[in-house]
């Protein structure tokens, strides 16, 4: 007779083998090309998948991108619950061969995160950004407000790509941070 611990291990292994494996998410497609000079400038956060690193932000979240040699400088700002403006600076590097649609962003070197451009208006007025694990995503606009039809189209695109559309939260844009 097998010891109880060994029997439990065998049963757990048999059960795990019988369960279907969790399917890896399909590869996440990006836009073909991003002109970083056109992408540079101010963007307003319209909606996001909530995340721990923005938990202090309650409104007026903005990002500013600027070309900085072979990198892109990043300044993220938001308003906190007590009315303060919180900001953080970082930089991004282009992933080779991505047409500038995939960036690696850091705010705390040496830790980098993926920033992939998933949908981009031809006139660079709004964008859907996410990362391959589909845990983080943002809808950004050049203006503090985005019409409902455009927002829904971007959220529908996010859903087509495997993001949880219902989990997106809107970001209030109440007043300029400058």
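Got a number for residues in the stretch 144-160 being loosely packed, with under 12 Cβ neighbours inside 10 Å and touching a strand residue (DSSP E or B) at 6+ places or on another chain (Cβ under 7 Å)?
0
Quick check on my filter: what residues within the stretch 100-154 are part of a loop (DSSP other than H, G, I, E, B) and in contact with a helix residue (DSSP H, G or I) (Cβ under 6 Å, 6 or more places away or on another chain)?
Initial filter on the stretch 100-154 (part of a loop (DSSP other than H, G, I, E, B)): 100-101, 109-110, 121-125, 131-136, 142-147.
Scanning the stretch 100-154 gives 100, 124.
No value in this document is a laboratory result; all are computed from the given coordinates. Because the structure is predicted, anything quoted here is derived from the model rather than measured. Neighbour counts run over all protein chains shown; Cβ positions are idealised from the backbone, glycine included.
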